[in-house]
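The values are calculated or read from the model by the stated rules, or taken from the named source; none is laboratory data. The shown structure was predicted, so the numbers you read here are calculated from the model rather than taken from an experiment. Cβ coordinates were reconstructed from backbone atoms using ideal geometry, including for glycine residues, and neighbour counts include every protein chain displayed.
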Amino acid sequence: MMTRNEFYDYVKDNVKDYLPPSFQDAEISLMKVTKQNDQTLTGISIRRDGEQIVPNLYLEPYYKDYCAGEDPDKLVGAVADQRIEYDKEEIPEEFKIVSDYENVKDRLQIVLCDPEMNQERLKNKPSKQFGEFTATYQVMLRADEESLGTVSVTDSLLQYWGITPEQLHADAIAAEDARIPSLYNMNDLMMEFMTGQQPENLFQNPGEVDLNGPPLFCLTTGDKMFGASLMVREDILSKAAELLGDNFFILPSSLHEVLIIPESLADDAHVLVQMVKDVNEAEVLPKERLSDKVQFYDRESGVLENALKRQDRLTAEKEAAKADRSERNGGKRSIHDRLSEKRAAVQTGPAPVPQRDRNKSSQAIL
């Protein structure tokens, strides 16, 4: 049985046998592509002379079929068929306009990531740091039921466009606003999946949200694409806090949305972090995972910080304050502590004398 790399080389070396004569002089190459969370995929490019845009056909699904017992030559033929099918499709006009920034700036998207999980992916890309997260950028060229066409903004593309990283970010924010930042009650969102009924965008509701109902809310864009980027926008977080009338935890559930729980309805960051880890592991595709780092937003200070670190910091501050009070009292117990102990003693009464001791005392008197 061939190893993964042997299989990829086998496809590369034999795919021409399954292609029409027009491909006999095509340049065929394998390439590694780094995706979200530093996932590395192997693609095969089959480029004829003069072709500017060709598909990158990922080989991982074919290798999976090979491991399941599929004939390797049949799979090579399937790769060739996929490349032939691409020739039958008219290249969308959108793919031809990437070079013109004015035509694509309204298609910009901010893609948030955890930099610790994306060290390779962040190389050679303009980015902006927001606390524990990093924003990168892409151009959405096509999105339909069958495919998603995007182009990552690289340093070289930014240079070609002749714009600054600051302008790129500002235009991406404007494009994001056009897709309508949205806050949904999770119950309404679930009803949309079941009935198709459009959920209410709470940002368009002038009144405060009733927290007596379900405690979970979803923050995303109107098209529900890469909406997790909204979690690092202070204007959006401030608006959410005003509606909820509370500080809140942010659960980074995926690239496309984050979940919000008001502070009054949850208090243990450790429980929330474990919940996010469990859901990420069981329910979220690796390429769509954002992070396990639950955040906490304080509406008074406007500060977004790691919820675990905040909880540990507050605990440490409380312990330090207690130690400081003890030191100021010369290491003695405070009056409050002594009074509390005396009250407890009065309520429980004096400790009973063991029966044997009482008998010995009586004999001594007699």
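For P181, the requirement of being farther than 22 Å from K105 by Cα and either in the same structural domain as N37 (by TED's automatic domain parsing) or surrounded by 17 or more Cβ atoms within 10 Å (Cβ to Cβ) (or both) is not met. With a requirement of 2 or more residues that are of a type in the set (S, T, Y), the strands (runs of 3 or more DSSP E) lying completely within the stretch 1-112 that satisfy it span 27-34, 40-47.
Within the stretch 212-245, the set of residues being surrounded by fewer than 22 Cβ atoms within 10 Å (Cβ to Cβ), over 20 Å from A135 (Cβ atoms) and within 19 Å of the chain's Cα centre (by Cα) comprises L216 only. Taking every residue in the stretch 95-116 that is touching a residue at least 40 places away in the same chain (Cβ under 8 Å) and pairing it with any residue that is part of a loop (DSSP other than H, G, I, E, B), at least 6 positions away or on another chain, the pairs with Cβ-Cβ distances below 6 Å are F95/I53; Q109/F226; V111/F226; D114/S291. All conditions but one from (1) surrounded by 14 or more Cβ atoms within 10 Å (Cβ to Cβ); (2) not in a loop (DSSP other than H, G, I, E, B) apply to R121; the one that does not is (2).
The residues on offer are Q129, Q39, and the sole one that is within 19 Å of the chain's Cα centre (by Cα) and surrounded by fewer than 16 Cβ atoms within 10 Å (Cβ to Cβ) is Q129.
Among the residues of the stretch 270-302, those identified as surrounded by 15 or more Cβ atoms within 10 Å (Cβ to Cβ), of a type in the set (A, V, I, L, M, F, W, C) and free of Cβ contacts under 8 Å to residues at least 60 places away in the same chain are L272, V273, M275, V276, V279, V284, V294, F296.
The residue that is surrounded by the fewest Cβ atoms within 10 Å (Cβ to Cβ), among those in the stretch 42-60 that are hydroxyl-bearing (S, T, Y) and over 14 Å from I84 (Cα atoms), is Y58.
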